[in-house]
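See structure below.
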Amino acid sequence: MYRTKALIAAVLLLGMVIGAAVPADTSSASPLKPPDFGAVRRVALVIDDFGNDMLGTEQMMELPVPFAAAVMPFLPTTKRDAEWAHRKGHTVLVHVPMEPNAGKPEWLGPGAITTKLTDEEVRQRITAAIEDVPYATGINNHMGSKVTADERIMRIILTVCKEKGLFVLDSRTTDKSVIGKLARELGVPTASNNLFLDDVYTRSHIAKQGVKLQKLANTREATIVIGHVGVPGKHTADVLGSAIPAIRQSGAVFVPIAQMMQ
Ligand SMILES: [Zn+2]
């Protein structure tokens with residue numbers, strides 16, 4: 001008898017707990033939930049500038065979501081970082097150094113593609129860069145505001161990507177980029193960046209971009225965001241460390257960059 005009463009009490013208590021946790025009317029939308037687009041909101045994270053044992057490399061590799069590690073070719077830890085990312089289940093991209101309109105040439109790194117190269121030199125350099133980064137399934141541009149606006153050069157790069165079955169992510173370092181137009185013409189899967197997390201290296205700016213990312217993830221069906229290892233690497237990893245759970249909480253899903261390609 002006592003046992004029965006205790007059981008009933010336990011069941012009642014459980015009912016109260018469940019009752020408290022589940023709202024009576026589940027059909028009404030929670031005010032905390034963002035609008036329903038009828039599709040899962042997706043976020044793809046890309047981290048640039050791996051390959052030179054840069055600051056924040058380890059923190060980024062440990063992020064609890066799939067991301068694309070954009071690895072620069074011909075650098076001391078190019079192979080190590082590409083293999084590391086692959087082992088962790090992340091996507092590997094060749095982070096191809098391309099000439100910018102402004103900026104120091106030494107920021108480009110070895111094997112950079114510049115507008116002075118001949119067609120054959122461009123083909124050789126992009127082929128060598130792709131072959132230097134193991135496990136790469138796509139490329140994106142490092143800097144490149146000048147080269148990505150150059151139709152002659154981008155046509156060669158995209159043609160090589162097509163031959164090798166690689167997709168092309170446009171980092172969007174210029175609004176004059178011809179990548180989207182040429183990729184569609186040549187039938188190369190492509191997508192472009194929506195937000196740089198750390199285009200300015202200060203902690204306060206990166207934190208602000210983290211808030212912007214959460215807003216984009218709440219309002220867009222698809223968001224592509226790029227951060228960096230290097231000078232801002234640790235701040236960016238910290239900001240991502242707190243933004244990721246908030247974004248997931250809001251119902252958005254982190255997906256591999258390949259799922260964003262059109
Ligand atoms: Zn870069």
Next item on the list: For segment 216-236, enumerate the residues that are of a type outside the set (Val, Ile, Thr), surrounded by 14 or more Cβ atoms within 10 Å (Cβ to Cβ) and away from the ligand (no atom under 16 Å from the Cβ).
Entry: Leu216, Ala217, Asn218, Arg220, Ala222, Lys234, His235
Margin query: For segment 27-77, give me the residue count where each residue is modelled with pLDDT under 95, aliphatic (A, V, I, L, M) and closer than 20 Å to Phe254 by Cα.
Written below: 3
Notebook entry, point to check: Just wondering, is there one or more residues in segment 90-104 that are under 30 Å from Ala243 (Cα atoms) and away from the ligand (no atom under 15 Å from the Cβ)?
Noted result: yes
Note to self: Among the residues of segment 129-153, what is the count of those that are more than 17 Å from the chain's Cα centre (by Cα) and either part of a helix (DSSP H, G or I) or within 16 Å of the ligand (Cβ to nearest atom) (or both)?
What the structure shows: 14
Next item on the list: May I ask you to list the residues in segment 157-205 that are farther than 22 Å from Ala112 by Cα and part of a helix (DSSP H, G or I)?
Entry: Lys181, Arg184, Glu185, Leu186, Arg203, Ser204, His205
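The values are calculated or read from the model by the stated rules, or taken from the named source; none is laboratory data. This one's a predicted model, so the numbers in the text were calculated from it and none came from an experiment. In this analysis, Cβ positions are derived from the backbone assuming ideal geometry, glycine residues included, and neighbour counts consider all displayed protein chains.
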